[in-house]
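The values are calculated or read from the model by the stated rules, or taken from the named source; none is laboratory data. Here the structure is a predicted model, which is why all the values come from computation and not from measurement. Glycine also receives a Cβ, built like all others from the backbone with ideal geometry; neighbour counts cover every protein chain displayed.
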Amino acid sequence: MKTIVIKISGSLFYWERVEDGLPPIASVVRKAVSKGGSKLVVVAGGGETARRYIKTGRKLGGGEGLLDDMGLRAARLNAGLLISSLGDLAYPIVPEDLGHVIEAVETTKVVVTGGLHPGHSTNAVAALIGERLRADLLVNTTDVDGVYTSDPDKDKSAKLLPKVTTQQLRDMFGSSRMLAGTYELLDLVAINVIERAGLRTRIIKCAPKEIEEALQGKAVGTEIVREA
Ligand code: UTP
């Protein structure tokens with residue numbers, strides 16, 4: 001049986017799109033479990049709620065650790081929305097630490113979680129879970145089609161990379177400051193864990209079709225490869 005970790009982009013968890021956006025993704029997850037018999041763990045991003053708490057908390061003088069804490073709790077709330085849309089298929093509790101995730105995976109349910117600890121993003125959560133479970137695949141969804149040569153929102157000539165090495169990712173994203181709510185497409189913790197665990201990883205668009213294709217093993221988005 002394959003073990004797959006899917007990170008659902010925080011960009012889905014905005015109030016104007018989440019209600020319509022989640023059910024088609026839940027259908028893809030349902031199909032993958034019933035067809036392939038895969039074990040799935042899903043990690044929800046923090047999205048709008050995390051951003052709002054972090055922004056307001058920072059204005060009010062909150063420290064980065066506290067702001068991270070609010071962000072990771074927002075991601076847990078979003079995990080609750082995912083559990084709602086998966087119904088009986090989902091493990092009914094949002095695990096709050098890695099040990100609980102591992103215990104919950106022993107049931108036949110789809111485990112859905114959000115943030116775990118301050119100091120990293122939910123992408124790192126997905127990588128850490130993938131590492132502990134020796135997952136066959138980590139599918140990391142985002143608001144663009146994958147990893148580009150530069151930010152496609154700012155640079156029209158940006159090109160999608162079909163493959164990227166962990167060192168290239170460190171060069172692209174590794175120098176960012178660790179401020180709550182500002183972690184890049186992939187933060188250093190996520191990149192380093194993917195590398196040390198040799199986790200097969202794809203960065204794809206957060207859309208049902210792309211997720212379905214990635215779960216079928218198709219070459220969609222960007223594949224992360226380890227340094228040779
Ligand atoms: P996300 O990493 O989900 O940010 O968590 P996001 O930008 O909404 O998601 P993506 O990357 O676009 O999918 C929101 C914030 O919560 C804190 C961080 O401050 C992060 O920026 N967080 C989250 C933690 O501190 N620890 C965690 O385990 C998860």
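The table for this structure:
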{"quantity": "Matching residues, segment 105-117, being under 26 Å from residue 49 (Cα atoms) and without any contact (Cβ under 8 Å) to a residue 40 or more places away in the chain", "calculated": "none"}
{"quantity": "Listing of helices (runs of 4 or more DSSP H) fully contained in segment 121-197 that carry 1 or more residues being at pLDDT below 90, over 25 Å from residue 74 (Cβ atoms) and out of contact with any strand residue (DSSP E or B) (no Cβ under 7 Å at 6 or more places or on another chain)", "calculated": "166-173"}
{"quantity": "Residue that is farthest from the chain's Cα centre (by Cα) [pool: residues in segment 114-127 that are closer than 27 Å to residue 88 by Cβ and within 9 Å of the ligand (Cβ to nearest atom)]", "calculated": "116"}
{"quantity": "Search result, residues across segment 118-143 that are closer than 19 Å to residue 223 by Cα and charged (D, E, K, R)", "calculated": "131, 134, 136, 143"}
{"quantity": "Neighbours by Cβ (under 9 Å, 6+ apart or cross-chain): first from segment 168-181, surrounded by fewer than 16 Cβ atoms within 10 Å (Cβ to Cβ); second of a type in the set (S, T, N, Q)", "calculated": "176/182"}
{"quantity": "Selection from segment 14-61 of residues that are free of Cβ contacts under 8 Å to residues at least 60 places away in the same chain and among the β-branched types (Val, Ile, Thr)", "calculated": "49, 56"}
{"quantity": "Unique residue being touching a strand residue (DSSP E or B) at 6+ places or on another chain (Cβ under 9 Å) and at pLDDT below 95 when the list is 31, 35, 39", "calculated": "39"}
{"quantity": "Breaking point among (1) under 18 Å from the mean Cα position of the chain (by Cα); (2) near the ligand (Cβ under 8 Å from one of its atoms), for residue 67", "calculated": "(1)"}
{"quantity": "Where residue 147 falls short, out of the listed (1) loosely packed, with under 13 Cβ neighbours inside 10 Å; (2) within 15 Å of the ligand (Cβ to nearest atom); (3) closer than 21 Å to residue 175 by Cα", "calculated": "(1)"}
{"quantity": "So residue 48, is it over 29 Å from residue 199 (Cα atoms) and among the acidic types (Asp, Glu)", "calculated": "no"}
{"quantity": "Exclusive hit being under 16 Å from the mean Cα position of the chain (by Cα), more than 14 Å from the ligand (Cβ to nearest atom) and either over 20 Å from residue 138 (Cα atoms) or not in a loop (DSSP other than H, G, I, E, B) (or both), set 40, 77, 82", "calculated": "40"}
{"quantity": "Lone unmet requirement of (1) in a loop (DSSP other than H, G, I, E, B); (2) touching a strand residue (DSSP E or B) at 6+ places or on another chain (Cβ under 8 Å); (3) at pLDDT below 95; (4) not small (Gly, Ala, Ser) for residue 220", "calculated": "(3)"}
